[in-house]
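Here is the structure we will look at.
The values are calculated or read from the model by the stated rules, or taken from the named source; none is laboratory data. Everything quoted here is computed from the prediction, not taken from an experiment. Positions of Cβ are generated from backbone atoms using ideal geometry, with glycine treated the same way; all protein chains shown enter the neighbour counts.
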Amino acid sequence: MKLDGKKALITGASRGIGKAIADIFLSQGAEVWGMGTKEPDDLKERQEKAGGRLHWTSADLGSLDALEGLIDNLIKEAGGFDILVNNAGITKDNLSFRMSLDDFQKVIDVNLTSSFVVARTVGRDMIRRRAGSIINMSSVIGVHGNGGQANYAASKAGLIGLTKSLAKETAARGVRVNAVAPGFIVSDMTAAIPAEMREKMAEQIPLKRMGQPQDIAEAVLFLASDASSYITGQVIAVDGGMFI
């Protein structure tokens, strides 16, 4: 699953799953353009380790008006991307009847609409070059729903529909579009859950543990590489068997 010579754009790449994806891509020979709301604390160290193959752009993906122009500039800088990973995401949890419209819309804007804008912009260039792999980061919550996360569930379910639609539109031009649906993964989001509750959640997972960012990164690497050249329009759940 080598990515030698490939150029990848990864949103939400400053920490957690996005950082793990960037690191595994770099380890397999790719040149990576990372995006996030703020520059990672260890960026210079990571750039030195990557030998100049890691680039960074700080951007708020919720600022949709400026997003397309920003992505166009990155495409020109890179000379085109072979891989796109739409990973950026936020949560603003609350029960539906207490959730403000602003909190609902903000999650939709960052998690879903920005992914559409980025995929549309990068996808146009991939179509022109008749090659590319787009991976959207959905969630098992987008498949099964979750109380207190109506906005997050809607955004991640929307990504599944977006993935399948884009796959149908681009397959004839050599572009593949897939999604990964993580289960409960060790992250800043899950760290906010009380330890006792996390333990109970892990007990309900057949593999008896929460996933690690590396588990998701490995699945994304597979979908980005030529090892998955006959796979498109799919949603791969990486959830330890939680929803068997």
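Yes or no: R46 of a type in the set (K, R) and closer than 30 Å to G174 by Cα? No; evaluated as a whole, the condition is false for this residue.
Yes/no per residue for (1) surrounded by 15 or more Cβ atoms within 10 Å (Cβ to Cβ); (2) farther than 21 Å from I75 by Cα; (3) of a type in the set (K, R); (4) modelled with pLDDT of 95 or more:
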position	(1), (2), (3), (4)
Q105	no, yes, no, yes
D109	yes, yes, no, yes
V117	yes, no, no, yes
L159	yes, yes, no, yes
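The residues of the stretch 72-99 that are outside any loop (DSSP other than H, G, I, E, B), within 18 Å of T113 (Cα to Cα) and β-branched (V, I, T) amount to a single one, V85.
Going through (1) in contact with a Leu (Cβ under 8 Å, 6 or more places away or on another chain); (2) on the phi < 0 side of the Ramachandran plot; (3) surrounded by fewer than 22 Cβ atoms within 10 Å (Cβ to Cβ) one by one, N178 falls short only on (3).
For the stretch 119-143, residues that are in contact with a strand residue (DSSP E or B) (Cβ under 7 Å, 6 or more places away or on another chain), more than 21 Å from E77 (Cβ to Cβ) and surrounded by fewer than 24 Cβ atoms within 10 Å (Cβ to Cβ) total 3.
From the list G34, G51, G62, G12, the one residue that fits, being without any contact (Cβ under 8 Å) to a residue 60 or more places away in the chain, crowded, with 22+ Cβ neighbours inside 10 Å and of a type outside the set (A, V, I, L, M), is G34. In the stretch 72-95, of all residues being of a type in the set (G, A, S) and crowded, with 19+ Cβ neighbours inside 10 Å, the one that is farthest from the chain's Cα centre (by Cα) corresponds to G89.
Taking the condition buried (at least 20 other Cβ atoms within 10 Å of the Cβ) and of a type outside the set (D, E), does S165 pass?
Details: buried (at least 20 other Cβ atoms within 10 Å of the Cβ): no; of a type outside the set (D, E): yes.
Spelling it out, it is not the case that S165 is buried (at least 20 other Cβ atoms within 10 Å of the Cβ) and of a type outside the set (D, E).
The number of residues in the stretch 201-244 that are in contact with a Ser or Thr (Cβ under 8 Å, 6 or more places away or on another chain), closer than 21 Å to A88 by Cα and either assigned to a helix (DSSP H, G or I) or hydrophobic (A, V, I, L, M, F, W, C) (or both) comes to 6. Considering only residues that are among the polar types (S, T, N, Q) and part of a helix (DSSP H, G or I), look in the stretch 119-177 and name the one that is farthest from F104 (Cα to Cα). Out of the qualifying residues, it is T170. Kindly indicate whether any position in the stretch 100-113 is part of a loop (DSSP other than H, G, I, E, B) and over 19 Å from I216 (Cβ atoms). Yes, that holds for at least one residue.
Just one of (1) buried (at least 18 other Cβ atoms within 10 Å of the Cβ); (2) assigned to a helix (DSSP H, G or I); (3) small (G, A, S) fails for G69. It is (1).
Selection of first residues in the stretch 152-167 that are closer than 15 Å to G233 by Cβ and of second residues that are of a type in the set (V, I, T), restricted to Cβ pairs under 7 Å at least 6 apart or on distinct chains, gives the following pairs, ordered by first then second residue: I160/V235; T163/V177; T163/V235; L166/I134; L166/V177; A167/V177; A167/T232. A count restricted to the stretch 163-182 and to residues that are within 13 Å of the chain's Cα centre (by Cα) and not hydroxyl-bearing (S, T, Y) stands at 6.
Checking each residue in the stretch 41-71 for being under 16 Å from V118 (Cβ atoms) and small (G, A, S) picks out S58, A59, G62, S63, A66, G69. Identify all residues within the stretch 29-66 that are closer than 25 Å to R120 by Cα, in contact with an Asp or Glu (Cβ under 6 Å, 6 or more places away or on another chain) and either charged (D, E, K, R) or assigned to a loop (DSSP other than H, G, I, E, B) (or both); write none if there are none. Selection gives T37, R53, G62.
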